[in-house]
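Student: To start, I am sharing the structure in question, which I have written as C-alpha cells.
The values are calculated or read from the model by the stated rules, or taken from the named source; none is laboratory data. Note that this is a predicted model, so its numbers are computed, not measured. Cβ sites come from the backbone with ideal geometry, for glycine too, and all protein chains shown count toward neighbours.
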C-alpha cells in the first residue's frame, strides 16, 4: 500500500483537505509539522504526527521508520512584503526544500510533489502556459522559482521523480474576504487537494498550473489545459459559484 509523508499538513491551508482525500482513497499518510498543538481531527493511530522542523536528518529517520515512498511538500513560511522579513522567510523555505530533497534522495523516495505558485510567472498579462518564461517580481515567486530549480536538479542528479503544481491563491467557502478586485485567480481548496492526489500516480517530472476560477473582467491569463490532459483533473463545478471566498493563510 502507498504511504505518503506530508510536510505542513496542519499549518498549511490545504493540508487538512489533502489528508481527508488521502484517507478517502485508502492511502496511508504521515504528517511532519512544527505545530505543538493540533486540532484532534485525526487519531494518531490513523495519521501519525511528528512535531518538528523540516530538517534532513530527522526527516530521513521518519522516512525510514514509516517506509513512506512519496513526499507531498506543503510546508512553507508565509512571505511578507517586508524586504528583511521576506528574505528570511525565503531563505528558510529554500533551506527546508533542500532538506526535503536531501532526505528524499538518501531514503530512495519514489516521488516528491511540490506546492509552487503562479507567482513564478510575474505580472505578465499574456496567456501563461507551463512553458512561459518565469519572471517573478514578488518575493514569493522568486523563492518558488529557486525551489523549483533545486527540485529539477535533484531529478537530474539522483533520479528523484517530481510533480510541481503552480497554484493560484487558495480559497474556501464562507470566509469574510472575497475575490473582488477583478484581477485575482484562485483555486478552490478541494480542487487543489484533488490535483495533489491526481499527481501521486501521474504527471511525473512535469509542471502544472492549477486554477479554479477568476474574477477578471475578461478571462484568466492562466492556462490549465495541461493539467486537464495529463492529470485528468479539472475544477469542480461548485468552485465557480459567485459567492466563493478567498482563504488567506
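Student: Quick one: how many residues across segment 1-19 are part of a loop (DSSP other than H, G, I, E, B) and closer than 16 Å to residue 110 by Cβ?
Tutor: So the count comes out to 2.
Student: Quick one: residue 172 ticks every box in (1) in contact with a strand residue (DSSP E or B) (Cβ under 8 Å, 6 or more places away or on another chain); (2) buried (at least 21 other Cβ atoms within 10 Å of the Cβ) except a single one, so which number is it?
Tutor: Result: residue 172 fails condition (2) only.
Student: Could you grab me the full set of residues in segment 20-50 that are outside any loop (DSSP other than H, G, I, E, B), free of Cβ contacts under 8 Å to residues at least 60 places away in the same chain and either farther than 22 Å from residue 99 by Cβ or in contact with a strand residue (DSSP E or B) (Cβ under 6 Å, 6 or more places away or on another chain) (or both)?
Tutor: Selection gives 23, 24, 28, 29, 30, 31, 32, 49, 50.
Student: What's the number of the only condition in (1) over 19 Å from residue 164 (Cα atoms); (2) touching a strand residue (DSSP E or B) at 6+ places or on another chain (Cβ under 6 Å); (3) not in a helix (DSSP H, G or I) that residue 112 fails to meet?
Tutor: For residue 112, the exception is condition (1).
Student: Additional query: If I go through segment 51-92 residue by residue, how many of them are at pLDDT 95 or above, surrounded by 13 or more Cβ atoms within 10 Å (Cβ to Cβ) and not in a loop (DSSP other than H, G, I, E, B)?
Tutor: 13
Student: Now for a separate question. For segment 128-140, enumerate the residues that are out of contact with any strand residue (DSSP E or B) (no Cβ under 8 Å at 6 or more places or on another chain) and assigned to a loop (DSSP other than H, G, I, E, B).
Tutor: 131, 132, 133, 134, 135, 136, 137, 138
Student: How many residues, within segment 22-47, are under 23 Å from residue 195 (Cα atoms) and buried (at least 16 other Cβ atoms within 10 Å of the Cβ)?
Tutor: Residues flagged as under 23 Å from residue 195 (Cα atoms) and buried (at least 16 other Cβ atoms within 10 Å of the Cβ) within segment 22-47 amount to 10.
Student: Within segment 2-18, track down each residue that is without any contact (Cβ under 8 Å) to a residue 40 or more places away in the chain and out of contact with any strand residue (DSSP E or B) (no Cβ under 6 Å at 6 or more places or on another chain).
Tutor: 16
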